[in-house]
1. Could you count how many residues in region 164-184 are in contact with a strand residue (DSSP E or B) (Cβ under 9 Å, 6 or more places away or on another chain) and assigned to a loop (DSSP other than H, G, I, E, B)?
2. What residue, among those in region 91-100 that are open to solvent by less than 10 Å² (accessible area, probe 1.4 Å) and of a type outside the set (A, V, I, L, M, F, W, C), is nearest to LEU137 (Cα to Cα)?
3. Could you please let me know if ALA136 is open to solvent by less than 10 Å² (accessible area, probe 1.4 Å), part of a helix (DSSP H, G or I) and touching an Asp or Glu at 6+ places or on another chain (Cβ under 8 Å)?
4. Do we find that GLY144 is more than 18 Å from VAL87 (Cα to Cα), open to solvent by 10 Å² or more (accessible area, probe 1.4 Å), assigned to a loop (DSSP other than H, G, I, E, B) and modelled with pLDDT of 95 or more in this structure?
5. Within region 184-201, count every residue that is over 21 Å from ALA63 (Cβ atoms) and free of Cβ contacts under 8 Å to residues at least 60 places away in the same chain.
6. So in region 78-90, with the set limited to residues that are among the aliphatic types (A, V, I, L, M) and surrounded by fewer than 24 Cβ atoms within 10 Å (Cβ to Cβ), which one is farthest from GLY187 (Cα to Cα)?
7. So which residues in region 108-122 are of a type outside the set (Phe, Trp, Tyr) and surrounded by fewer than 24 Cβ atoms within 10 Å (Cβ to Cβ), if there are any at all?
Amino acid sequence: MRRPLAAAAVAALSAAVLLTSCGARDAAGACNVTVSSADLVAARQQAGIADCTAKDLAVDASAPAAQLPTVPLGCLGSTATAPLSDVKGPAIINFWSSTCGPCRKEMPALAAFAKKYAGQVTVVGVDYLETYPGAALDLAQQSGVTYPLLADACGDLQQTDLLQPPGLPYFYVVHPDGTVSKPIAGGLGSEQDIVDLAEHNGITLKQAG
């Protein structure tokens, strides 16, 4: 049975405005956000969402590391930490937040894609500038997510040279050689849209069946 959110998280999520395009928020108020509390760890494990260890961030452990920032990020519902540079291609990285309407609509399709093409491409989420990690984890669980979810509650990536669009959601594609695409606008509506995104950015997928 899915574990309900704490009352405070439910109230916070209900009060959030779900925008059609979600801009980056001021991270100053998010810097005391904890993503690794015991309740969140238990909820992630119950949902079957992967941890953020090295084996969770790569299909091929021998592949080159992604050419991405080495700043350590927390893992939503875990005590693990990992930088984006631990991701190894082929991979798709999705930046999202629970208060972003397009992110919420996109997530079930991304979850289905990740399960269908497991072993061919790694999917990693980055819960970005998230004030309510409990709400984020609940959304991921409701959406069927099992791929690892890094968290940048305080906007640490803003201090790096990573090119970031002004609004969520967006993607990066990591190629097998570790090179990374420019950011790609999200808000995709179907699993096929994500297949197209992958294939148009150099990831070869073998169709199931």
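1. Counting residues in region 164-184 that are in contact with a strand residue (DSSP E or B) (Cβ under 9 Å, 6 or more places away or on another chain) and assigned to a loop (DSSP other than H, G, I, E, B) gives 10.
2. SER98
3. yes
4. yes
5. Adding up the residues that qualify gives 3.
6. Among those that are among the aliphatic types (A, V, I, L, M) and surrounded by fewer than 24 Cβ atoms within 10 Å (Cβ to Cβ), it is ALA80.
7. Matches in region 108-122: PRO108, ALA109, ALA111, ALA112, LYS115, LYS116, ALA118, GLY119, GLN120, VAL121.
Conditions (1) open to solvent by 40 Å² or more (accessible area, probe 1.4 Å); (2) modelled with pLDDT under 95; (3) in contact with an Asp or Glu (Cβ under 9 Å, 6 or more places away or on another chain); (4) closer than 23 Å to ASP156 by Cβ, marked per residue:
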| site | (1), (2), (3), (4) |
| --- | --- |
| ALA16 | no, yes, no, yes |
| ALA28 | yes, yes, no, yes |
| ASN32 | yes, yes, no, yes |
| LEU76 | no, no, yes, yes |
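The values are calculated or read from the model by the stated rules, or taken from the named source; none is laboratory data. Computed from a predicted structure; not experimentally measured. Here the Cβ is made from the backbone with ideal geometry for all residues, glycine too, and neighbour counts use every protein chain on show. Calculation scope for accessible area: heavy atoms of the full protein, side chains included, ligands and nucleic acids excluded. Shrake-Rupley method; radii C 1.70, N 1.55, O 1.52, S 1.80 Å.
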